[in-house]
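Before I ask anything, let me first share the structure, which is written out below as structure tokens.
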Amino acid sequence: MTTVEPAGQPLAAVRESGAGRRAHSIGPPLAVVFLLLVGVVALFPDLVGGNPEAVDPADAFLDPSAEHLFGTDQLGRDVLTRVVHGAGASLALGLGATALAAVVGIVWGLAAGLGGRFVDEAAMRLADILLSVPTILLALLVVAVLGPGGPSVAIAIAVSLSPGFARVVRVQTLVVDRTGYVQSATALGLRRRSVVGRHIVPNVLPPMLVLATMNIGASIIAGASLSFLGLGPEASSSEWGSLLSQARNYLQDAWAPAVFPGLAVVLTVISISVIGRELRIRFEGRYDR
Amino acid sequence: MTTRWWLRRAGLGVLVVWGAATLSFLGLHLLKGDPARIIAGGGGAVSGQSQQILDQINAQYGFRQPLVVQYGRFLGELVTGDLGMSYQLNQRVTSVISDQLWSTVVLALGAAVLGFVLSLVLAVATAGRPRARSLSSTVELVLVSTPGFFVGILLLTVFSFRLGWFPVFGDDGIGSLVLPWLTLALPIAGTLSLVMREGLERALEQPFALTVRARGASATRLRLRHAVRHALLPVLTLSGWMLGALLGGVVVVETVFARAGIGQVAVTAVNGRDLPVVTGVVLVATIAFVVINTGLDALYRVVDPRLGSVAQ
């Protein structure tokens with residue numbers, strides 16, 4: 001999926017990729033390598049060694065060195081180890097929120113597209129309402145109701161992302177529902193349920209993969225932002241947003257504990273965007289948010 | 001711009017605000033724990049409050065009345081511009097918000113202007129110039145992928161702690177606004193300049209661009225006087241998105257720079273489970289969002305009259 005563009009791609013795809021220049025770009029392979037690396041350390045944080053909670057006051061606020069590649073924080077904890085141990089929580093937040101938003105949005109959009117006029121109208125007005133509340137504020141409202149914590153933050157992000165999915169799924173459903181093969185299937189006497197299950201849903205879902213990928217980055221940013229505000233996993237956690245929020249208070253003493261977790265977020269999100277873009281070019285569709 | 005269009009938009013706006021208010025109301029009543037205990041103190045965790053105090057609070061706020069009655073009163077108060085009483089601050093929500101409104105508005109407006117100017121400069125300078133273009137699209141990708149609070153932390157580290165050019169936090173004078181403005185403006189500029197450049201490049205490909213050059217105008221004059229106007233149209237459609245980004249962004253930026261403002265009020269209220277304040281902020285933001293968006297839509301129709309006749 002991520003090798004360079006094969007020859008003979010449709011012109012449209014090449015043009016969208018920037019007049020063919022990106023076709024030989026090293027971006028996508030780099031992004032895959034970086035994400036694999038993050039994925040591996042997220043699953044097996046102990047590969048890097050060291051205890052993220054090992055306190056050593058004598059070594060507080062060290063700048064990066066051979067011994068502590070990313071420096072140390074206010075308690076002398078190794079920042080590299082903490083960033084590595086936070087990868088799991090940060091990725092889980094972004095992936096969990098996106099998966100939840102996608103599932104809810106797909107059901108929502110299918111219901112709107114296939115449920116008849118009244119359901120459609122109700123479902124889409126609800127989406128309008130939710131999309132009229134700025135993302136972070138809607139998330140704040142949800143966290144205020146559910147109470148702080150990792151799962152609340154994931155749900156909050158999913159609530160604000162799912163209407164976007166629902167809109168795209170609805171349009172896609174309406175388009176597929178009017179295609180020749182669906183009409184043929186209906187004309188052949190297939191029951192509506194099997195038409196929906198066998199012909200409509202399988203053709204609605206693949207483009208959602210691209211949309212979901214594009215949303216993971218936004219979810220990770222939103223998750224880290226809410227953690228930074230102190231609403232995510234408990235304050236001492238090594239989730240990247242929490243690390244930044246702790247480091248914010250010691251900026252005058254050391255830059256490393258703030259800069260490295262932030263770089264981890266940025267590089268992860270960039271890699272996901274690059275891959276999302278590549279997927280989008282390959283699917284040849286344009287799915288606006 | 002017919003009366004019918006305005007009526008329809010107003011109806012939609014009212015629907016959105018009513019929907020947001022109803023969701024907020026449901027949120028208030030889905031709240032885990034007894035609101036009377038939250039008001040009495042300890043965020044609802046302390047169990048030792050006397051029943052007498054709790055009864056008194058319940059009577060005062062009407063928590064024991066049927067939900068429909070409470071809903072009716074909530075909507076009635078909302079129509080008269082009353083957002084209820086804060087659980088924690090012993091103040092009306094409206095006065096909590098209006099006390100902090102000004103500093104947030106200054107922050108958001110300044111950032112919007114700065115973001116717009118930055119993206120305009122970036123787009124005009126790089127459109128149709130391959131080298132500059134690829135450099136700036138990389139910069140844009142980085143800006144769009146960077147969480148606002150990290151931009152703020154980096155700016156603070158470099159300009160406040162290392163160079164000492166700007167105050168570290170607080171809110172006195174223009175000096176303390178520069179970094180928060182930049183923090184909010186940079187991610188916005190990343191997206192806007194991308195869209196503007198595409199618009200500019202499309203305009204520069206059109207026959208009129210050649211005509212203008214043939215008449216002897218310089219390339220810069222062509223870009224600034226003629227092409228920019230065409231590039232601004234798609235930007236206008238993005239204004240709604242930009243507004244949302246700003247309203248959400250102020251929450252984070254106020255925390256990074258320890259500034260007083262609506263965002264701080266909201267975060268403090270979420271941590272203290274002070275739901276009326278949270279819903280108040282959300283409702284005020286939503287109303288602002290709806291009103292400004294409707295205005296922008298109207299403006300869009302003025303700028304491009306073709307839309308008025310096509311869309312109904």
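Could you say which residue among A:102, A:158 is within 28 Å of residue B:243 (Cα to Cα) and either within 14 Å of chain B (Cβ to nearest Cβ) or touching a Phe, Trp or Tyr at 6+ places or on another chain (Cβ under 9 Å) (or both)?
A:102
Here's a follow-up. Among the residues of segment A:83-103, which ones are crowded, with 18+ Cβ neighbours inside 10 Å and either among the β-branched types (Val, Ile, Thr) or within 12 Å of residue A:164 (Cα to Cα) (or both)?
Result: A:83, A:84, A:98, A:101, A:102.
Report whether or not residue A:17 is at pLDDT 70 or above and among the hydroxyl-bearing types (Ser, Thr, Tyr).
no
May I pose another question? Tally time: how many residues in segment B:72-118 are assigned to a helix (DSSP H, G or I), of a type in the set (Ser, Thr, Tyr) and in contact with a helix residue (DSSP H, G or I) (Cβ under 6 Å, 6 or more places away or on another chain)?
Count: 1.
Grab the helices (runs of 4 or more DSSP H) fully contained in segment B:145-254, keeping just those with 3 or more residues being more than 25 Å from residue A:267 (Cα to Cα), without any contact (Cβ under 8 Å) to a residue 60 or more places away in the chain and of a type in the set (A, V, I, L, M, F, W, C).
Output list reads B:207-214.
Something else: Could you list, in sequence order, the residues of segment B:251-304 that are of a type in the set (Gly, Ala, Ser) and buried (at least 19 other Cβ atoms within 10 Å of the Cβ)?
B:261, B:263, B:266, B:269, B:280, B:285
Return the pair list, or none, for Cβ contacts closer than 7 Å from residues in segment A:169-189 that are among the acidic types (Asp, Glu) to residues that are surrounded by 13 or more Cβ atoms within 10 Å (Cβ to Cβ), at least 6 apart or on different chains.
A:177/A:113; A:177/A:200
Based on this model, can you work out whether residue A:258 counts as farther than 23 Å from residue A:99 by Cβ, surrounded by 21 or more Cβ atoms within 10 Å (Cβ to Cβ) and aliphatic (A, V, I, L, M)?
yes
Just to check your reading of the model, which residue among A:183, A:172 is polar (S, T, N, Q), more than 14 Å from chain B (Cβ to nearest Cβ) and buried (at least 20 other Cβ atoms within 10 Å of the Cβ)?
A:172
Of everything in segment A:144-155, what is buried (at least 23 other Cβ atoms within 10 Å of the Cβ), closer than 16 Å to residue B:27 by Cα and touching a residue at least 24 places away in the same chain (Cβ under 8 Å)? Give them in sequence order.
Hit for segment A:144-155 is A:153, nothing else.
Consider residue A:252 carefully, then state whether it is out of contact with any Cys (no Cβ under 6 Å at 6 or more places or on another chain) and at the interface with another protein chain (Cβ under 10 Å from one of its Cβ atoms).
yes
The values are calculated or read from the model by the stated rules, or taken from the named source; none is laboratory data. Just so you know, these numbers come straight off a predicted model, no measurement behind them. Positions of Cβ are backbone-derived with ideal geometry, glycine not excepted, and every protein chain shown enters the neighbour counts.
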